[in-house]
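Down below is the structure, laid out as structure tokens.
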């Protein structure tokens, strides 16, 4: 029977080397418990000295927008928004928009088609001239979002509820009007830093007005209708340095 050769006393087999290397690597990569690294952190809250991004701060925001899904006149608007935040989840303020209307393709088509038989025909329409309202803003969510693949920015989701007044400008046989204008809206705000924000909002203003005259030239009665306004804003926060939690 052939003799089995034993490994030399000082030689370690390759599998033993591999197992030992894996064990050492695993031990090196396994994080030590936090309390072992810094006993002072034991029992501490998960977030310390959080930034009070909204509490007790004012913001002034120039804003630009346009109305959506307009049948006869698309409204181009510019304005200003102001907020004061009583707490991190609620603010009060005002929104003011001013602008004018631009005829849609539907209005151009009606004027062209009816104009063949009535040379003096011009469809009467109305556009939004001024929107002004007091606003209650609710902020149900604040957090962080990743943009451009690797950049984190603070972000909030807010809901706006407002009541105010709308001034409309009429053309042709449609008169200028003044209307109560309830408003609801939702928006997102991104914070590149603690004193600057960039926002996008979608608001719905309910305005009592005549959208357009009839093709025979008569004017229907005014009625409340939706006016969807998509806006972009740049907000400036004061004081520029927010408070921090103790």
Would you confirm whether or not the range 193-214 contains a residue that is farther than 27 Å from residue 60 by Cβ, over 16 Å from the mean Cα position of the chain (by Cα) and free of Cβ contacts under 8 Å to residues at least 60 places away in the same chain? yes
Go through the residues of the range 208-224 one by one and say whether even a single one is under 17 Å from residue 99 (Cβ atoms) and either touching a helix residue (DSSP H, G or I) at 6+ places or on another chain (Cβ under 8 Å) or part of a strand (DSSP E or B) (or both). yes
By residue number, the members of the range 88-115 that are modelled with pLDDT under 95 and farther than 23 Å from residue 211 by Cα are 88
Residues that are surrounded by fewer than 18 Cβ atoms within 10 Å (Cβ to Cβ) and in contact with a strand residue (DSSP E or B) (Cβ under 7 Å, 6 or more places away or on another chain): does the range 213-220 have at least one? no
For the range 118-138, give me each residue that is surrounded by fewer than 19 Cβ atoms within 10 Å (Cβ to Cβ) and within 26 Å of residue 80 (Cα to Cα). 130, 132, 134, 136, 138
May I ask you to verify whether residue 186 is at pLDDT 95 or above, assigned to a strand (DSSP E or B) and surrounded by fewer than 17 Cβ atoms within 10 Å (Cβ to Cβ)? yes
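The values are calculated or read from the model by the stated rules, or taken from the named source; none is laboratory data. Small disclaimer: the values here were computed from a predicted structure and weren't measured. Here the Cβ is made from the backbone with ideal geometry for all residues, glycine too, and neighbour counts use every protein chain on show.
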